[in-house]
Every structure is written in C-alpha cells, then in structure tokens.
Amino acid sequence: MKHKFESYYLDSPLVTGRVFDVFEPEEITKDIAIFIVHGGGWRGGTRASFHEIMEEFNNRGYIVASTDYRLYAKDAFEQIKDIRESYDRFVSILKEKNRPLKIAVYGESAGSHLASLLVCAKPGECGEEVTLVNEWVVPYRAMLHATPADFLYWEGMMPQFWNTMQNIAGAPYEEDPERYERLSLKNYIGAHNPPIYFIEAELEHLFLSEHTLKFAKKHRELGIKSHWKVYPKVEHGFFYTLKRKAAVETLEDICLFLEDKLETEF
C-alpha cells in the first residue's frame, strides 16, 4: 500500500520539539484516527521511534500522527502544552480531509503519562498554558502503556528515576507537592473519561501495574468499557517494534480495542 508521510511544525520560526508526523494510507478505511505520544523519560525519545508501527496501522487503513514535545522544557506542563497543541493541529488536518473527529490516543511510559493527562484532564486543568485553534475534541479512546497512576514516590522506586520525575516536575517534591498532584492521573479519573486500554508488561519495573488495574476497575464500575492486560515475559517499553510476539499481539489487541471487540478479564 502506498503511504503519504508529512511533518507539521507548530511554529514559525520553527521550535525544536514542537512538531508531529502524519502517516496517511493511500485509502483511509477506518473512521478512527490514532495520535501517538512517545516515551523516553521526559528528556529523551523521538516521534520517529513509532514510524514502523505507524506504517503497519496505515496498512490497516488508519491515519496516524506521532508527536514530539520539547525535551528541554522547563517542566512537564510545557510538554502537556506541546502535545495538546499537536493534537489540536491534527484535528485541523482531519477536518481539512473531511474525516470523522474520532481520535484514539496512544502513549508509552513518559509518553503515557503525558497522553493520560491529554485524555483525562480538560485543557488547562493541569495548570498548563495552551492555545487551541479548534474547540477541544475529547479523545474517543486511549491506549496507555506503562502508565504512572500518580506522580508520587512509591516504596522501591529507583532513586535516579525519582530524581528524573522531580526534574521534569520543575521543583523538588518538598518545595511544591501540589504540582505533583496536578501531574497525577489519579486526580482525573472519572465518568468523563473515554474507554482506556491499559497495556502492561509482566517485567515492568518503573510503574506498578496493579495501580492502573484499579483505574480499569473504577471505569467498569462507572460503565466505561476499559481494559487492562499484562503481556508475559516482556519488559518496560517492548512495543517500539513489531519483531516480538508480544508486540504483534499488542498491535492486534489495540485494533480489536478500537473496534470494541477486545475481551479481557481482570
């Protein structure tokens, strides 16, 4: 299948990191579009890391975007601003193509943290500044891989990782604990959320998988058809390529979830 690949910058003059790619198949056969936020510990990673997976989504008829964000940002609030504005520009592109505004958001690790706030918090609710071109389009669904349930220290967390989280929070926890609450997904879980598929690895070591299980169960209590699944014998960040069985299974499960055909038990 032929594909069309384009990069869109949010600013002129260009601002490093405020850019997203759109992969469009020759024929868009799916009503749902996909918007991807990469991981990398908030200070690393690139939108290009998902190009292989984006191409496979294209093969299945999905139009897909993958966004960068400023890795040098002073804090995560600036990064939330970046991905909100990329998402908003993707909405503009879908409108220009006369496509349905049904957008599923995928995020992994740090990208899952940022994506979860994009999905579950209203624009500006976390305290980020944001300038939108369109009326906010609530994501249709979300696929969140290795998601922090909150932005707080948990017993057993690697000290260097807690240092990384405090760095991107913009202030040490002791100086401003309130900003850590504003960056915590737990405070935005509610009846207004779309269905979420929580993707977890059996060998996860950065974020405790059982914490997102509580969110999936809460959603089910609220009548939201969310899912939670652990993939065996894989570690944090296994879904950047399709060379492993678990990654192929994850992609198939995402497609089932988008079509409301995924079945999971928890």
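What follows draws every value from the coordinates through simple rules; no lab data is involved. Every value quoted in this text rests on a predicted model; they were computed, and no experiment measured them. Neighbour counts are summed over all protein chains in view; Cβ atoms, including those assigned to glycine, are modelled from backbone coordinates with ideal geometry.
Numerical summary
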quantity: Size of electric dipole in segment 161-265: Cβ of Lys, Arg +1 and of Asp, Glu -1, about Cα centre, debye, nearest 20; calculated: 220 debye
quantity: Under 14 Å, Cβ to Cβ, from Arg84 - net charge with Lys/Arg +1 and Asp/Glu -1; calculated: -4
quantity: Rg in Å to one decimal, and Dmax rounded to a whole Å, for segment 1-70 via C-alpha atoms; calculated: 12.5, 36
quantity: log₁₀ of I(q)/I(0) at q = 0.07, 0.16 Å⁻¹ - the chain, Debye sum with one point per alpha carbon; calculated: -0.22, -1.27
quantity: Length-normalised contact order for the chain - Cα pairs under 8 Å, 6+ apart - percent; calculated: 16 percent
quantity: Segment Leu132-Lys186, length gained on full extension (0.36 nm per residue, minus Cα span); calculated: 16.9 nm
quantity: Charged-residue dipole, Cβ positions (Lys, Arg, Asp, Glu), segment 3-258 about Cα centre, Debye nearest 20; calculated: 580 debye
quantity: Sorted by Cβ neighbour density within 10 Å, fewest at the top, the residues Asp31, Asp88; calculated: Asp31, Asp88
quantity: Nonlocal amide H pairs with Met143, under 5 Å, H built at 1.01 Å; calculated: Val105, Tyr106, Gly107, Tyr197
quantity: Cβ-Cβ FRET estimate between Lys2 and Lys122, R0 fixed at 22 Å, reported to 0.05; calculated: 0.05
quantity: Rough spin-label spacing in nm, given labels placed 7 Å along Cα→Cβ, for Asp31 and Glu175; calculated: 5.0 nm
quantity: Amide H within-cut-off set for Phe151, under 5 Å, with H built and near neighbours excluded; calculated: Ser184, Leu185
quantity: Segment 139-211-segment 1-66 distance, computed between alpha-carbon centres (Å); calculated: 24 Å
quantity: Separation of alpha-carbon centers, segment 250-266 and segment 76-102, rounded to whole Å; calculated: 24 Å
quantity: Asp253, Asp260 arranged by Cβ crowding within 10 Å, fewest neighbours leading; calculated: Asp260, Asp253
